[in-house]
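What follows is one structure encoded as structure tokens, with my remarks underneath.
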Amino acid sequence: LPSHVERNYDVLIIGAGLSGLCTLHNIRKRFPSWRVRVLDSAADVGGTWFWNRYPGCRFDSESLSYGFSFDKELLEEWHWKEAFSPQAETHKYIRRVAEKHDLYKDIQFNTTIKSAQWNDAKRTWTFTDDTGREYITTFFISCVGFLSAPTLPAIAGIEAFQGDSFHTSRWPDLDVSRDFAGKRIGVIGTGATGIQTITALSKEPSIKSLSVFQRTANWSAPLRNSEISVEQMAKHRKEYGAIFQQCAESYSGFLHQADPRKSSDVTDEERLALWEKLYDEPGFGKWLGVFSDTYTDRHANELYSEFMASKIRARVHDPSVAESLIPKNHGFGTRRVPLESGYFEAFNQENVHLVDLQKTPISRITKNGIATSDGKEHELDVLIYATGFDAITGAFGAIEWHGKDGRPLISNSGTEKGEKGIRVDHRPRTFLGMTVPAMPNMFMVLGPHQPFGNATRSIEHAAQFISDLLQYCKDNRYTYVRPTEEAVDGWTEHVYECSKGALGNEVDSWMTGVNKNVKGKTVRSVARYSGNAVEFRRRCEDCRLSGYQGLIFG
Ligand code: NA7
């Protein structure tokens with residue numbers, strides 16, 4: 001082989017986040033003699049938890065439900081210090097996993113893949129990185145992440161700004177209290193990231209001012225984090241079996257399960273009592289533990305949204321600021337609910353200003369800051385873009401794909417449908433969210449059409465399914481596998497059917513494939529599995545037990 005071509009691999013994995021590490025671990029355990037390599041553009045393992053180092057970055061799902069369940073030894077050893085772990089601690093955990101299982105030796109960092117070419121005659125993939133180096137492999141597993149391609153806002157003048165500016169997911173190495181001292185900071189974006197960043201920065205006394213540029217108000221509710229003592233952790237370790245079982249039985253892999261009653265089954269007092277109880281508790285219960293019709297019945301959702309609005313009004317002193325912070329175009333929980341630790345109170349501070357872009361949209365970014373439609377120039381020293389990601393398909397889009405018969409991975413020529421407010425122009429087509437028709441020998445962990453929910457729980461399942469499938473290939477000496485067009489049509493239709501009736505699928509958000517900063521992502525698509533994760537896993541298991549019906553082998 002020429003020197004720029006790496007030897008043949010059995011399995012190549014792109015991505016060294018939780019998905020990549022779990023997959024690598026499974027493959028190595030299962031097929032010790034296989035040649036396997038993981039490539040990642042980052043300088044270390046961690047994926048999301050490597051890149052997102054912005055102030056305040058932490059889980060808002062319970063730390064105890066997030067670790068890998070396959071490593072019982074590490075669960076016995078690891079001390080989650082907070083109920084909702086901060087980024088640095090989580091990153092430490094992931095590094096510990098990689099060290100403990102000696103995963104680093106098969107991972108190559110600082111490597112960005114630019115193109116992928118399927119060779120039908122040889123039944124191999126050739127991946128080429130940005131230096132021209134080629135990697136040839138029989139099987140390929142994508143672990144690229146569904147929120148890993150950051151997007152900057154499409155705002156005129158963005159290059160003109162002369163202060164410091166960066167995306168939250170590419171946070172520079174700095175000391176906020178020293179480097180932001182006396183500075184005027186602006187933040188664009190109020191999603192989960194913006195809310196954590198804004199809250200953390202608001203608590204930094206050295207900052208001169210903090211201006212929040214809000215295009216869409218987001219529902220948010222208290223996280224109620226706490227420390228976990230050594231004694232408490234010892235007790236929790238005994239509960240891991242029950243914790244993972246609870247996650248396995250819940251709709252989206254979290255510890256929280258909806259109350260089976262409908263909002264209309266109970267009295268006003270009973271309804272309020274449950275809402276208040278959940279509001280006072282830590283975690284996602286206030287999103288996921290409410291009455292079962294909250295996200296399917298418009299009236300039930302309005303009632304709960306009104307309850308949440310009253311909480312915001314009670315916490316924000318200036319009534320007009322409070323009204324701006326209350327979402328008007330979507331109901332509570334129909335977008336991903338960020339949990340907060342003093343977000344609303346931040347707006348009671350003299351040095352924190354809300355710029356409501358519904359009233360005064362941004363006209364352009366200038367060399368001094370941000371100009372809004374009322375003729376005002378908001379002068380800034382630092383501009384932070386908490387503007388999110390080209391979600392679900394974005395990381396795939398960064399690679400030029402030449403699949404079977406030269407076909408691309410993402411096609412914009414899909415069907416158009418207009419039903420129940422969902423417009424689909426280029427929906428992904430997959431089988432079980434793990435295989436794609438034009439891409440033989442390729443599998444995806446946390447790809448389109450998989451349930452995202454509690455990511456680690458979904459990852460462990462997908463990695464297991466894929467390694468079982470590879471075992472089947474090995475046992476039968478197959479070197480070729482891809483889904484049939486019929487299986488793909490059936491699965492894609494199922495994913496589409498599951499999405500119906502959920503209010504969350506009738507709202508623009510990254511979960512419905514909308515990102516106005518990305519060409520072609522201005523209308524909603526069904527890119528994630530929004531049905532029950534239990535049902536998802538049941539269907540995958542049925543496929544396995546049927547001898548992988550829906551897949552073609554050779
Ligand atoms: P999100 O949730 O996609 O939020 C992005 C935010 O940036 C959102 O408030 C956007 O407003 C705002 N945005 C984007 N572009 C613009 C422009 N051009 N002008 C003004 N405001 C803009 O990303 P996050 O990083 O917060 O969270 C992503 C997920 O990561 C999160 O849900 C967790 O699961 C982890 P918009 O709502 O589009 O009006």
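Selection within the stretch 259-278: residues that are in contact (Cβ under 8 Å) with a residue 24 or more places away in the chain and crowded, with 16+ Cβ neighbours inside 10 Å. The member of this set that is farthest from the chain's Cα centre (by Cα) is Arg271.
Checking each residue in the stretch 23-48 for being within 23 Å of the chain's Cα centre (by Cα) and either part of a loop (DSSP other than H, G, I, E, B) or crowded, with 24+ Cβ neighbours inside 10 Å (or both) picks out Thr23, Leu24, Val38, Asp40, Ser41, Ala42, Ala43, Asp44, Val45, Gly46, Gly47. Close Cβ contacts (under 8 Å, 6 or more residues apart or on different chains) running from residues in the stretch 170-198 that are within 16 Å of Leu152 (Cα to Cα) and in a helix (DSSP H, G or I) to residues that are among the β-branched types (Val, Ile, Thr) and within 16 Å of the ligand (Cβ to nearest atom) comprise Thr193/Thr168; Gly194/Thr168; Gly194/Val187; Gly194/Ile188; Gly194/Val212. A single entry from Tyr135, Tyr54, Tyr93 fulfils the requirement of being surrounded by 18 or more Cβ atoms within 10 Å (Cβ to Cβ), hydroxyl-bearing (Ser, Thr, Tyr) and assigned to a loop (DSSP other than H, G, I, E, B): Tyr54.
Mind checking which residues of the stretch 343-379 are closer than 19 Å to Thr190 by Cβ and hydroxyl-bearing (Ser, Thr, Tyr)?
Selection gives Tyr343, Thr360, Thr372, Ser373.
Of all the criteria given as (1) under 17 Å from Asp10 (Cα atoms); (2) part of a helix (DSSP H, G or I); (3) free of Cβ contacts under 8 Å to residues at least 24 places away in the same chain; (4) not aromatic (Phe, Trp, Tyr), the one not satisfied by Arg477 is (2).
Taken over the stretch 162-175, the criterion of being within 16 Å of the ligand (Cβ to nearest atom) and surrounded by fewer than 20 Cβ atoms within 10 Å (Cβ to Cβ) is satisfied by Ser165, Phe166, Arg170, Trp171. When only residues in the stretch 300-342 that are farther than 24 Å from Pro361 by Cα and without any contact (Cβ under 8 Å) to a residue 24 or more places away in the chain count, which is nearest to the chain's Cα centre (by Cα)? Result: Glu306. Which ones in the stretch 378-405 are part of a strand (DSSP E or B) and either under 15 Å from Lys519 (Cα atoms) or over 24 Å from the mean Cα position of the chain (by Cα) (or both)? Within the stretch 378-405, His378, Glu379, Val382, Phe389, His402 meet the criteria. Taking the criterion of being hydrophobic (A, V, I, L, M, F, W, C), part of a loop (DSSP other than H, G, I, E, B) and on the phi < 0 side of the Ramachandran plot, the residues of the stretch 435-452 that qualify are Ala438, Val445, Phe452. For the stretch 516-554, the set of residues classified as at pLDDT below 95, out of contact with any Asp or Glu (no Cβ under 6 Å at 6 or more places or on another chain) and more than 19 Å from Leu446 (Cα to Cα) consists of Lys516, Asn517, Lys519, Gly520, Lys521, Thr522, Arg524, listed by residue number.
Every condition in (1) at pLDDT below 95; (2) within 16 Å of the ligand (Cβ to nearest atom) holds for Arg457 except the one numbered (1).
Is at least one residue of the stretch 70-79 surrounded by 17 or more Cβ atoms within 10 Å (Cβ to Cβ), of a type in the set (A, V, I, L, M) and either in contact with a strand residue (DSSP E or B) (Cβ under 7 Å, 6 or more places away or on another chain) or at pLDDT below 95 (or both)? Checking the stretch 70-79: not a single residue is surrounded by 17 or more Cβ atoms within 10 Å (Cβ to Cβ), of a type in the set (A, V, I, L, M) and either in contact with a strand residue (DSSP E or B) (Cβ under 7 Å, 6 or more places away or on another chain) or at pLDDT below 95 (or both). Being more than 19 Å from Asp356 (Cβ to Cβ) and more than 16 Å from the ligand (Cβ to nearest atom) is the filter here; which residues of the stretch 185-206 pass it? Within the stretch 185-206, Lys203, Glu204, Pro205, Ser206 meet the criteria. Does the stretch 510-529 include one or more residues that are farther than 30 Å from Leu152 by Cα, buried (at least 16 other Cβ atoms within 10 Å of the Cβ) and more than 16 Å from the ligand (Cβ to nearest atom)? Checked against the condition, which is being farther than 30 Å from Leu152 by Cα, buried (at least 16 other Cβ atoms within 10 Å of the Cβ) and more than 16 Å from the ligand (Cβ to nearest atom), the stretch 510-529 yields no hits at all. So, in the stretch 479-509, exactly how many residues are under 27 Å from Gly547 (Cα atoms) and within 16 Å of the ligand (Cβ to nearest atom)? Going through the stretch 479-509 one residue at a time, the tally reaches 0. Selection of the stretch 375-391 for residues being away from the ligand (no atom under 11 Å from the Cβ) and out of contact with any strand residue (DSSP E or B) (no Cβ under 8 Å at 6 or more places or on another chain) yields Gly375, Lys376. Would you be able to say whether some residue in the stretch 493-505 is touching a Pro at 6+ places or on another chain (Cβ under 9 Å) and crowded, with 23+ Cβ neighbours inside 10 Å? Yes: one or more hits.
Inside the stretch 484-508, residues that are part of a loop (DSSP other than H, G, I, E, B) and either closer than 16 Å to Tyr251 by Cα or out of contact with any strand residue (DSSP E or B) (no Cβ under 7 Å at 6 or more places or on another chain) (or both) make up a count of 5.
The values are calculated or read from the model by the stated rules, or taken from the named source; none is laboratory data. Just so we're clear, the structure is a prediction, and the values are computed from it rather than from any experiment. As a convention, Cβ positions derive from the backbone with ideal geometry for all residues, glycine included, and neighbour counts pool all protein chains shown.
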